[in-house]
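**Q** Quick one: the structure is below, questions incoming.
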Amino acid sequence: MKRTCQICKKEYETTEFSRRKTCSEECSKELKRRYFKKYRKENPEKFREASRRYRERHLQEVKGKNRVRKKEYYRTHSEEEKERLRKYRKDGE
């Protein structure tokens, strides 16, 4: 039985009772990504709640990651930060 891939529109051979909708693993990943993106857009409240629950459960881990990211940012952008602070201090005076 021949079917058409939902992603790349190529025809591929499958069995009569197969549920496959794509021709390859790459197309399957793309289809899954599209479904997830659509679902997330339609249900933003569920994702906000899940994100909040994750942060509550992993508070120390999240804080640690943020601390590391902040240090890394300042290490790579130190000159820009110093210049920004100089401008801010001049404007405030």
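**Q** Summing +1 for each Lys or Arg and -1 for each Asp or Glu, what net charge is found among the other residues whose Cβ lies under 14 Å from the Cβ of Thr14? Let's see the in-between values first.
**A** Numbers: positive: Lys2, Arg3, Lys10, Arg19, Arg20, Lys21; negative: Glu11, Glu13, Glu16.
Counting the neighbours of Thr14, the net charge comes to +3.
**Q** Still on this structure, please answer the following. Taking the 0 to 90 degree range and rounding to the nearest ten, how far is the long axis of helix 44-57 tilted relative to the main principal axis of the chain, both from C-alpha atoms?
**A** Helix 44-57 sits at roughly 60 degrees to that axis.
**Q** Among (1) 14, 26, 28, 23, 9, 1; (2) 17, 31, 21, 16, 10, 4, 1; (3) 13, 19, 18, 21, 16, 8, 4, 1, find the value of P(r) over Cα pairs in 10 Å bins from 0, in percent that was calculated from the structure presented, and write down its label.
**A** Structure-derived value, by its label: (3).
**Q** If the cut-off is a Cα-Cα distance under 28 Å, which lysines reach Lys37, setting aside same-chain residues fewer than 8 apart in sequence?
**A** Candidates past the 8-residue exclusion: Lys9, Lys10, Lys21, Lys29, Lys46, Lys63, Lys65.
**Q** In Å, the Kirkwood hydrodynamic radius of region 39-93 over pairs of distinct alpha carbons?
**A** On the way: mean 1/r = 0.0699 Å⁻¹.
The answer is 14.3 Å.
**Q** Under a plain spin-label model, where a point goes 7 Å from the Cα along Cα-to-Cβ, how far apart in nm are Arg19 and Lys38?
**A** The answer from the label model is 1.7 nm.
**Q** Something else about it: So, counting K/R as plus one and D/E as minus one, what does the shell of residues with Cβ under 15 Å around Glu83 add up to? Please list the in-between numbers first.
**A** Values: positive: Lys82, Arg84, Arg86, Lys87, Arg89, Lys90; negative: Glu79, Glu80, Glu81, Asp91.
Cβ neighbours under 15 Å give a net charge of +2.
**Q** What size of dipole, in debye to the nearest 20, comes out for the chain about its Cα centre when the only charges are +1 on Lys and Arg C-beta atoms and -1 on Asp and Glu C-beta atoms?
**A** 260 debye
**Q** Roughly what angle does helix 59-76 make with the longest principal axis of the chain, taking Cα atoms, 0 to 90 degrees, to the nearest 10?
**A** 70 degrees
Read-outs: derived from the displayed coordinates by stated rules, not from any lab. Being a predicted model, the structure only gives us computed values, none of them experimental. All Cβ positions, glycine included, derive from the backbone under ideal geometry; neighbour counts span all protein chains shown.
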